[in-house]
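Q: Quick one: the structure is below, questions incoming.
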Amino acid sequence: MSDTFSTISYALAAGSIGFALAMALSRPDPRRDRVLFFSLVLLALLVHALGQLLILSGAFRFAPHLVGLDLSLKMALGPAVYFYTRALVSPEAPCFGGRDWTAMVGPVLVILVSLPFAALSAEEKLALVDPATRNPDHFRIALFTCTASLLLFLTFTAVYIVAAVRLQKRHRRQMMQELANIERQSLDWLRTILIVFAGAWLFFAIKQALWLSGMSIPAFNAALAFTEMLAIAAFAFLGLNQPSLHIEPAPKPDTAPRRPILTEERMRRTATKLRDALGKNGLYAENDLSLRKLSDITGVTKNHISETLSQHLGVNFFDFVNSHRAEAAKRLLSQTDLGILEISLEVGFNSRSTFNVAFKKHVGLPPSRFREAPGQAPADTGRHSQKEPMSVSE
């Protein structure tokens, strides 16, 4: 029963991958590198799903030489994930070269350790299935190949997944320096999927270790197959719907002597101008507010704004804007009976979940608990609300 469930799960995963591949390759995209590496990730996942289907369905009996072929192909998964992440967070298509060629090391190593097993005949491979017919020497070869390949896969893939997550985190920090709303730009979904994949592959290693020791836990195997199917489907769907990231190229290193840092008095005046723009002029409520837009409105250069925020106020642009939004939300929660979702949109957030996280960070309580606190009950002001000037003290 568990094998049937696992077979269905991997079949569904393979189907979702095929659909995503067809969609990705048929849609026009000026950044072909992103399409290429997204497709490579999908292909590596497809190889994994088909490899599991080969075993679970018993089809290996008709094509025994295909057993183990997926081991070397799956080694491309980690590098493909890393290069896809790098393509997403890079303003221009990165050149492939230099250390990038180390991505070939994993597949080559797996091919080398798989050669003794690949040299076995079809009959010798099929004989390994039944303990009564297996050759002890051949079984040791299969055991070595499977164990070595699995360890190489886990190590190699872990290195590239960690590198991909670090790229995403660095990109997220950059977005927080530039944007007030980062949900569509932060790639948090990718980090979550990668963590799920990492956990699933770790449990896959446990499953393989149990199999090598002659043990099998049906419920565990079925749960693993279902988790992988959901993660693969989520990656395919979210990857297809990921909008293009409009990232400004990083400034080239300046070889000229560094200009003097802004004086404390200059940063104080700049901070006052920024607060007035957000508070008195209500710019905090614009959900597309960016560092560039604030610079254009205030006439203060982006570099001076960034230096004032980091050196004088000790915050990034994202938190600076959201602190104003949180203050505005506090007033609306106390003085109106608007719903929390309405308030989140009113003050500039794009979603209630993002609003809840930001509000709790700046106020110390979730919006619902803040409204329920003594003295915070909404006055009888109806459903009408009005933006009022407000500012955040240093």
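Throughout, read-outs are computed from the coordinates displayed, never taken from laboratory work. For clarity, every value in this text was computed on a predicted model and none was experimentally measured. For neighbour counting, all protein chains shown are included, and Cβ atoms are generated from backbone atoms with ideal geometry for every residue, glycine included.
Q: Taking R0 as 56 Å, what's the FRET efficiency between R269 and A158 from their Cβ-Cβ distance, rounded to 0.05?
A: Working: r = 50 Å, r/R0 = 0.89.
E(calc), rounded to 0.05, equals 0.65.
Q: Work out the FRET efficiency for L126 and L43 from their Cβ-Cβ distance, taking R0 = 22 Å, and round it to the nearest 0.05.
A: On the way: r = 28 Å, r/R0 = 1.28.
Computed FRET efficiency for L126 and L43: 0.20.
Q: Still on this model: Stretch F144-K360 to full length: gain in nm at 0.36 nm per residue minus the Cα-Cα span?
A: 72.5 nm
Q: Sort M215, M23 by Cβ crowding within 10 Å, fewest neighbours at the top. Don't skip to the end; give the middle numbers.
A: On the way: M215 9, M23 13.
In order of increasing Cβ crowding within 10 Å: M215, M23.
Q: Where does each of E124, E342 land when they are ranked from fewest to most other beta-carbon atoms within 10 angstrom? Please report the intermediate quantities before stating the final value.
A: Working: E124 18, E342 15.
Ascending number of Cβ neighbours within 10 Å: E342, E124.
Q: In a shell of Cβ-Cβ distance under 12 Å around S6, excluding S6 itself, what net charge do Lys and Arg (+1) and Asp and Glu (-1) give?
A: On the way: positive: K207; negative: D3, E228.
Within the 12 Å Cβ shell, the charges total -1.
Q: Can you flag which of K273/K330; K273/K361; K169/K207 are past 28 Å Cα-Cα? Could you put the intermediate results ahead of the total?
A: Numbers: K273/K330 23 Å; K273/K361 24 Å; K169/K207 31 Å.
Correct reply: K169/K207.
Q: Given the rule -39500 (n - 2.57) for each run of at least 4 DSSP H residues, summed and divided by the residues of the chain, what is its mean residue ellipticity at 222 nm, to the nearest 500 deg cm²/dmol? If you can, show how the numbers build up before the last one.
A: Working: 16 runs with 250 residues, N = 394.
The helix-only estimate for the chain comes to -21000 deg cm²/dmol at 222 nm.
Q: Which cross-chain or sequence-distant (5 or more) residues have an amide H under 5 Å from the amide H of Q242, H modelled 1.01 Å from N in plane?
A: Those qualifying (amide H under 5 Å, at least 5 residues apart or on another chain) number zero.
Q: Order by neighbour count: C146, C95, fewest other Cβ atoms within 10 Å first, most last.
A: So the residues, fewest neighbours to most, are C95, C146.
Q: Right, another one. In nm, what is the difference between 0.36 nm times the number of residues separating S334 and D296 and their Cα-Cα distance?
A: On the way: separation 38, 0.36 × 38 = 13.68 nm, distance 3.34 nm.
Contour length minus Cα-Cα distance gives 10.3 nm.
Q: Helices from the chain with mean Kyte-Doolittle at least 0.0 and a Cα length along the axis of 30 Å or more, per DSSP H: which? The partial results should precede the final answer.
A: On the way: long enough: 2-26 (36 Å, 1.11); 32-56 (36 Å, 1.76); 136-178 (62 Å, 0.33); 188-212 (36 Å, 1.32); 218-240 (33 Å, 1.63).
Result, helices passing both filters: 2-26, 32-56, 136-178, 188-212, 218-240.
Q: For mean projected area of the Cα convex hull in nm², the listed values are [x] 19.4; [y] 26.0; [z] 20.9; which was obtained by calculation from the structure presented?
A: Answer by label: [y].
Q: Still on this model: Would you kindly state how much longer the chain becomes between Q177 and S26 on full extension, computed as 0.36 nm times their sequence separation minus their alpha carbon distance, in nm to one decimal? Present the calculation step by step, with values, prior to reporting the outcome.
A: On the way: separation 151, 0.36 × 151 = 54.36 nm, distance 3.47 nm.
Full extension of this stretch gives 50.9 nm more.
Q: In addition: Once both labels are modelled 7 Å past Cα along the beta-carbon direction, what's the H65-A118 spacing in nm?
A: The modelled label-to-label distance comes out at 1.1 nm.
Q: Between N303 and A205, what FRET efficiency comes out of the Förster formula 1/(1 + (r/R0)^6) with R0 = 51 Å and r the beta carbon distance, rounded to 0.05?
A: Details: r = 48 Å, r/R0 = 0.94.
Efficiency for this residue pair is about 0.60.
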